[in-house]
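Right, one structure below, let's go through it.
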Amino acid sequence: MGISKIGLRSKSITHLDIILLMAILSVGFANVYSQQAEEKGWTNLFNGSDLEGWTTKIHHYDVFDNYGDTFRVEGSIIKVRYDKYEGLFNDRFGHLYYNQPYSYFHLSMEYRFVGNLFPGAPDYTILNSGVMFHSQDPKTILKEQDWPISVEMQFYGGVEKGKERPTGNMCSPGTDVIYRGKLDPNHCINSSSDTYFGDQWVKAELIVYGDSLVKHMINGKTVLEYSKPQMGGGVVNGYDIDISIPGKPLKEGFIALQSEGQPIDFRNIKIKNLKGCMDPKASNYKTYYIEPGKCTFD
C-alpha cells in the first residue's frame, strides 16, 4: 500500500504529513531519552584506571601515604591487598577517601571478598570491610588515629556454613545513631540481609538524607534503616579532641573504602547527588533532587 493512499478519518495523509509526523515522534523520543538520562543522574567516582580524585590515610602513616600499595587499580577494579606489607598487620587499618564531601546522596557499588586474612589482623576482620560516610576530612586525621570519625556501612562475608552473618550492617566509630526510636548503645547494628559466601560480587547501596534518614540496601533489597547520625560514642582512638563534639549532627562528610586486613575488591562505584537546584526555571535543575541547593540561571 502506498503512503499517499493511506487514509485517516477519511482524510489523506500526504508525504509532507509523514515527514512532520516523523519529526514530532523523533523529538518526542529525544525528550523521553533526555528525561531518562536525567532521572539516572549517576556520576562515576572511580575512573577505572587509577586513584585520581581519591586520598589514602592508613593508621601509623601520614595522609596521602598509600603504604605497601594497599589500594591499587587492576582491571577496572579497586583492589585492597597486603602482599607488599612487612611484618605483621600491626593495626594498619586504612581508608581510601573520595575527595568531595556529600550530604544527600545515593551511593552504589559492588564488592567481593578474595584471598585470606593478612597475618596479625584481628580475628573480627576476617571477611570484613565496608564503606565509611559522613567522615571527617582525611587531612584532619592524626597519624596515630586508628579510625575516622564517621558512620560505616559494614560488609561481611559468610564464614561458616549454616551460620548467618548478614552484610550491610551499621557500625559507628566515634558516632551514634537513632535506631528504632532511640539512641542505640551498640557500636554495630546487624542488617536483615542474607549471608553471602565465597568471592561472589555483592551490590551495596547507601541512601543518605543529610542528618536525617539513612538506608542500607543489599542486592536491591532494603536491609537496614536508621536516622540522625551524630558525633559521640567510642571506639576511635588517637583523634584530635577538638574535632569531636558529642551530639553534633553529621550533615555531610567524606566517603571512604575500608582496609582492615582482609583482601577485597570494589567496582562500579557511582553516586547520585540528591542535593541541588530544585527550581525548574534554572539551568541546573534536576527532577531527582530532594534537598535545595544553589541554582544557576542563564
*Count, please, the residues in the range 238-257 that happen to be assigned to a strand (DSSP E or B) and touching a Phe, Trp or Tyr at 6+ places or on another chain (Cβ under 7 Å).*
5
_For the range 210-258, which positions are surrounded by 20 or more Cβ atoms within 10 Å (Cβ to Cβ) and out of contact with any strand residue (DSSP E or B) (no Cβ under 8 Å at 6 or more places or on another chain)?_
V236, Y239
*Among the strands (runs of 3 or more DSSP E) contained in the range 59-125, which hold 2 or more residues that are surrounded by 15 or more Cβ atoms within 10 Å (Cβ to Cβ) and in contact with a helix residue (DSSP H, G or I) (Cβ under 9 Å, 6 or more places away or on another chain)?*
94-98
*Give the number of residues within the range 273-298 that are touching a Lys or Arg at 6+ places or on another chain (Cβ under 9 Å), assigned to a loop (DSSP other than H, G, I, E, B) and of a type in the set (D, E, K, R).*
0
*Pairs only if they're at least six apart or on different chains, beta carbon under 6 angstrom, first in the range 249-262 and within 30 Å of P119 (Cα to Cα) and at pLDDT 95 or above, second in a loop (DSSP other than H, G, I, E, B) and among the polar types (S, T, N, Q); list them, first residue then second.*
S259/T70
*asked:* I'd like the full set of residues that are free of Cβ contacts under 8 Å to residues at least 40 places away in the same chain and of a type outside the set (D, E), limited to the range 204-245.
replied: S212, L213, K215, N219, G220, K221, T222, I241, I245
_the range 281-298 residues that are among the charged types (D, E, K, R), paired with ones that are outside any loop (DSSP other than H, G, I, E, B) (beta carbon under 6 Å, 6 or more apart)_ = K286/G276; E291/Y104; E291/K275
*Yes or no: G220 of a type outside the set (A, V, I, L, M, F, W, C), modelled with pLDDT of 95 or more and closer than 21 Å to N268 by Cα?*
yes
_Total residues in the range 162-185, condition at negative phi and at pLDDT below 95_ = 1
*Mind checking which residues of the range 277-298 are in contact with an Asp or Glu (Cβ under 8 Å, 6 or more places away or on another chain) and within 17 Å of W42 (Cβ to Cβ)?*
K286, T287, Y288
_Residue list for the range 57-77, restricted to those being in contact with an Asp or Glu (Cβ under 7 Å, 6 or more places away or on another chain) and either farther than 20 Å from K143 by Cα or β-branched (V, I, T) (or both)_ = I58, V73, I77
*The one condition in (1) of a type outside the set (D, E); (2) closer than 18 Å to Q154 by Cα; (3) surrounded by fewer than 16 Cβ atoms within 10 Å (Cβ to Cβ) that G261 fails to fulfil*: (3)
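Kindly indicate whether E38 is among the acidic types (D, E), surrounded by fewer than 21 Cβ atoms within 10 Å (Cβ to Cβ), farther than 30 Å from D242 by Cβ and modelled with pLDDT under 95.
Yes.
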*Out of all the residues in the range 264-298, which are among the aliphatic types (A, V, I, L, M) and surrounded by 18 or more Cβ atoms within 10 Å (Cβ to Cβ)?*
I264, I269, I271, L274
_Among the residues in the range 178-188, are any surrounded by fewer than 21 Cβ atoms within 10 Å (Cβ to Cβ), of a type in the set (V, I, T) and farther than 26 Å from Y104 by Cα?_
no
*Considering every residue within the range 258-272, establish whether at least one is assigned to a loop (DSSP other than H, G, I, E, B) and polar (S, T, N, Q).*
yes
*Does at least one position in the range 112-119 carry a residue that is modelled with pLDDT of 95 or more and on the phi > 0 side of the Ramachandran plot?*
yes
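The values are calculated or read from the model by the stated rules, or taken from the named source; none is laboratory data. Keep in mind it's a predicted model, so treat the numbers as computed, not measured. Here Cβ is always computed from backbone atoms with ideal geometry, including for glycine, and neighbour counts include all displayed protein chains.
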